[in-house]
Amino acid sequence: MTVVAAIAGALLPGPAAPRGLIRTVHGAHTTFAPAPHGRTPVTGRAVATAPGHAVDPRTRSLRAVVRATLPHDPRAFTQGLEFRGATLYESTGLVGRSSLRAGPPGNRPTRQVELQPPLFGEGITFSGARLWQLTWRNGIAIERDPSTLEERRRVSYRGEGWGLCHQHIAGRERLVMSDGTDRLTFRDPHTFTATGGINVRKDDTPAARLNELECAPDGSIYANVYGTDTILRIDPHTGAVTAHIDASGLLTASEGRRAGQLNGIAAVPGTDKFLITGKLWPRMFQVNFVPR
């Protein structure tokens, strides 16, 4: 789901790298660098994105077509992106660099708060007069004032926090939360208590590594797949993947070498467009999802 912020680890001895970065050991020293664009370190191996790979015939194959381009803070490790009216809110990650920002899309934020270590910021969403912000492995959801970004309280949860969105469904409201697996957990928007969930499947195969979420006006849940240039459209009733969206090729080759993974998706109010970006990306893109 603002305007700005990403990193993960390889299985080597020593300190683990945050999600989105590769850790390299040089003798007694350890350095971190962004994973190659379109790749992610998983179980110690780099896995290439395959934009042309076979897609379930029961799933629509779509692609992201750019309609407009906006600047984005290349230092922002983007974890959550969401609109409220004309204001874009962005949650960024990394310990010591996590923040929550708000302002006109493509411009410097007009409001910003920092998360103090050891907190690692993750997904965000709104529920009425509440703004919820997740943390990665801290087990803490922060309730904030949407206007001032001031912290009101903290609520504990079990497991990891990745993406978050707010959904109206069947006359009721709920939060939808991802944890990096194929499971989406439903939560009460007032108390943050877990109330159920669904497992996401594509042709009966688990669709894992679900990351940043957007509960869109069309009733679907859109999810970045961590470490890839893929966005999935998900049926919130059954968990079935209804569309596989190819969002590759948005950055130039030189931009991609310095950037992290695609992460950040927000429906643009009053339109059929989405704003998408990634960790450490220099640009954001207003896109439509159209048939391949």
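Structure summary
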| quantity | calculated |
| --- | --- |
| Single residue of Thr271, Thr252 found to be more than 17 Å from the chain's Cα centre (by Cα) and under 25 Å from Thr87 (Cβ atoms) | Thr271 |
| Thr191, sole failed condition from (1) touching an Asp or Glu at 6+ places or on another chain (Cβ under 8 Å); (2) open to solvent by 30 Å² or more (accessible area, probe 1.4 Å); (3) within 27 Å of His237 (Cα to Cα) | (1) |
| Residue match in the range 181-188 (condition: loosely packed, with under 14 Cβ neighbours inside 10 Å and among the aliphatic types (A, V, I, L, M)) | no |
| Qualifying positions in the range 162-196 - part of a loop (DSSP other than H, G, I, E, B), out of contact with any Ser or Thr (no Cβ under 6 Å at 6 or more places or on another chain) and farther than 18 Å from Arg144 by Cβ | Ala170, Gly171, Asp179, Gly180, Thr181, Asp182, Thr193 |
| Selection count where residues are assigned to a strand (DSSP E or B) and of a type in the set (A, V, I, L, M), scope the range 237-288 | 12 |
| Of all residues in the range 61-83 being under 17 Å from Asp272 (Cα atoms) and of a type in the set (Lys, Arg), the one that is surrounded by the fewest Cβ atoms within 10 Å (Cβ to Cβ) | Arg67 |
| Matching residues, the range 147-161, being in a strand (DSSP E or B) and open to solvent by 50 Å² or more (accessible area, probe 1.4 Å) | Glu151, Arg152, Arg153, Arg154, Ser156 |
| Candidate set: the range 84-107, residues that are among the aliphatic types (A, V, I, L, M) and open to solvent by 20 Å² or more (accessible area, probe 1.4 Å); chosen: the one farthest from the chain's Cα centre (by Cα) | Ala86 |
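The values are calculated or read from the model by the stated rules, or taken from the named source; none is laboratory data. Model, not experiment: these values are computed from the prediction. Reconstructed Cβ throughout: ideal geometry from the backbone, glycine too, with neighbour counts over all protein chains shown. All accessible areas refer to the heavy atoms of the entire protein, side chains included, with ligands and DNA or RNA removed. Shrake-Rupley method; radii C 1.70, N 1.55, O 1.52, S 1.80 Å.
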